[in-house]
Amino acid sequence: MNSDKNRVTPKVWLITGCSTGFGRALAEAVLKQGDYLLATARKPEQLRALTKHYPETAKAVRLDVTVSQDIQAAVDTAIATFGRIDVLVNNAGYGLIGALEEVNDTDIRRQFETNFFGALRLIRTVLPLMRQQGSGHIVNMSSTAGLVGFGGSSIYCGAKFALEGTSEALAKEVKSFGIKVTLIEPGAFRTDFNGRSLAAAEQSIDAYVPVSGASLQWFKEMDGMSLIQEKLEWVKTDLDAWQQVTVSTDY
Ligand SMILES: NC(=O)c1ccc[n+]([C@@H]2O[C@H](COP(=O)([O-])OP(=O)(O)OC[C@H]3O[C@@H](n4cnc5c(N)ncnc54)[C@H](OP(=O)(O)O)[C@@H]3O)[C@@H](O)[C@H]2O)c1
C-alpha cells in the first residue's frame, strides 16, 4: 500500500467505519505495514480480532460519526495513546435509494449527518492538532456519485457532492500548514454497501419506479471511470454550447 521506500517513521491513522468493507480492509493494510491505528466503529466489539492481532499498534473505540461526543473522545484517545494523528480517513457512510420526492426529511437529514456532517465534524476536530503538528493527511471517501448525479439517489449524490466541494476548497485552505486532502471516488465494490448499507425511502411513488429501480441497479453495477468520463464530456459539450452566452455576461 505504501510506495515510499524511504519512510522510516510509522504513521498514526484514525479511520471511521472499520467494522466492514473499505474501512476494515484499510485498517488491516495499515496495521500490516507497521503503522499505528485508532480503529473506530459503532460497535467496537467488531474490532476485537484487529486489536487481538495487533495489541501494540491498534486501539479500538466506539465512534458513531453522528455523535459529537464520540468524535471528541476518539480524537482524545488517539492523542493520549499515540501522541498524534497523521492520517484521518472519513470512510463511514451508507447509500440512500429514493427520488427526492420519495425520501422524507428524516432520511435526508440522517444521510447528510452521516455522509457529510460527520466527516466535517471529524475534520474540524483534528485540524487544530494537524496545524500544530505542521503535517497531516485527510482522506475523504466520496464516490463516483460525488462527481456524477444519478436519478433515484439524489440525496446520496448531494451529500457526496457536498463532500467533494468542501474537500477541494479545504485542500487550498490547509496546504500551507503542511496538510493534504485526498478524495477517493470508487465505483462499485462488493462490500456490505449494496446490502445492509443501502437504505431505501419508506415511501415509493409509482412514477419514480424507473429511476429509483435504475439507481439500485446502478449501485450494483456502476463503472466509475467511464461514468466520470461521460460526465466530463457532457460538461465540456454544455460549456461549448453556452460559450457565447456565458462570455457575453463578462464585465
Ligand atoms: N462499496 C461501494 O461500491 C462504494 C462505492 C463508492 C463509495 N463507497 C463509500 O465507501 C464508504 C464505505 O462503504 P463500504 O463500501 O465499505 O460499505 P460497508 O462495508 O457497508 O461499510 C460502511 C461502514 O460505514 C459505517 N457507518 C455507517 N454509518 C455510520 C455512523 N453513523 N457512524 C460510524 N460508522 C458508520 C458502517 O458501520 P456499521 O458496521 O456500524 O454499520 C460500516 O463500517 C462509504 O462512505 C460509501 O459511501 C462505497
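Within segment 95-105, can one find any residue that is more than 26 Å from Gly187 (Cα to Cα) and of a type outside the set (Gly, Ala, Ser)? Even if it seems obvious, please write down each step before you answer.
Going through segment 95-105, the residues more than 26 Å from Gly187 (Cα to Cα) turn out to be 104-105.
Then drop every residue that is not of a type outside the set (Gly, Ala, Ser), which leaves 104-105.
Yes.
If you go through segment 172-190 and keep only what is within 15 Å of the chain's Cα centre (by Cα), closer than 21 Å to Leu88 by Cα and open to solvent by less than 40 Å² (accessible area, probe 1.4 Å), you end up with Val181, Pro186.
Per the conditions (1) farther than 24 Å from Glu221 by Cβ; (2) away from the ligand (no atom under 15 Å from the Cβ); (3) of a type in the set (Ser, Thr, Tyr), the sole criterion not satisfied by Thr106 is (2). Might you check whether a residue that is within 16 Å of the ligand (Cβ to nearest atom) and of a type in the set (A, V, I, L, M, F, W, C) occurs anywhere in segment 49-56? Yes. The residues in segment 29-74 that are over 20 Å from the mean Cα position of the chain (by Cα) and in a strand (DSSP E or B) can be counted, and the count is 3. Those residues that are out of contact with any Asp or Glu (no Cβ under 9 Å at 6 or more places or on another chain) and either open to solvent by less than 50 Å² (accessible area, probe 1.4 Å) or farther than 23 Å from Val87 by Cβ (or both), I need them from segment 160-171; list them, please. Within segment 160-171, Phe161, Ala162, Leu163, Gly165, Ser167, Ala169, Leu170, Ala171 meet the criteria. Candidates are the residues of segment 136-157 that are open to solvent by 10 Å² or more (accessible area, probe 1.4 Å) and in a loop (DSSP other than H, G, I, E, B); the one that is farthest from Glu168 (Cα to Cα) is Gly151. Among the residues of segment 78-99, none qualifies, meaning not one is touching a residue at least 40 places away in the same chain (Cβ under 8 Å), near the ligand (Cβ under 10 Å from one of its atoms), in a helix (DSSP H, G or I) and within 18 Å of the chain's Cα centre (by Cα).
Would you mind finding the one in Leu198, Leu170 that is within 25 Å of Ser135 (Cα to Cα) and not small (Gly, Ala, Ser)?
Every option except Leu170 fails the conditions.
If you filter segment 194-228 down to residues that are open to solvent by 40 Å² or more (accessible area, probe 1.4 Å) and touching a strand residue (DSSP E or B) at 6+ places or on another chain (Cβ under 7 Å), you find that the one that is farthest from the ligand (Cβ to nearest atom) is Ala200.
The values are calculated or read from the model by the stated rules, or taken from the named source; none is laboratory data. This is a predicted model, so every value here is computed, not measured. No Cβ is skipped: glycine too gets one built from the backbone with ideal geometry, and neighbour counts run over all protein chains shown. Note: areas computed on protein heavy atoms with side chains; ligands, DNA, RNA excluded. Shrake-Rupley method; radii C 1.70, N 1.55, O 1.52, S 1.80 Å.
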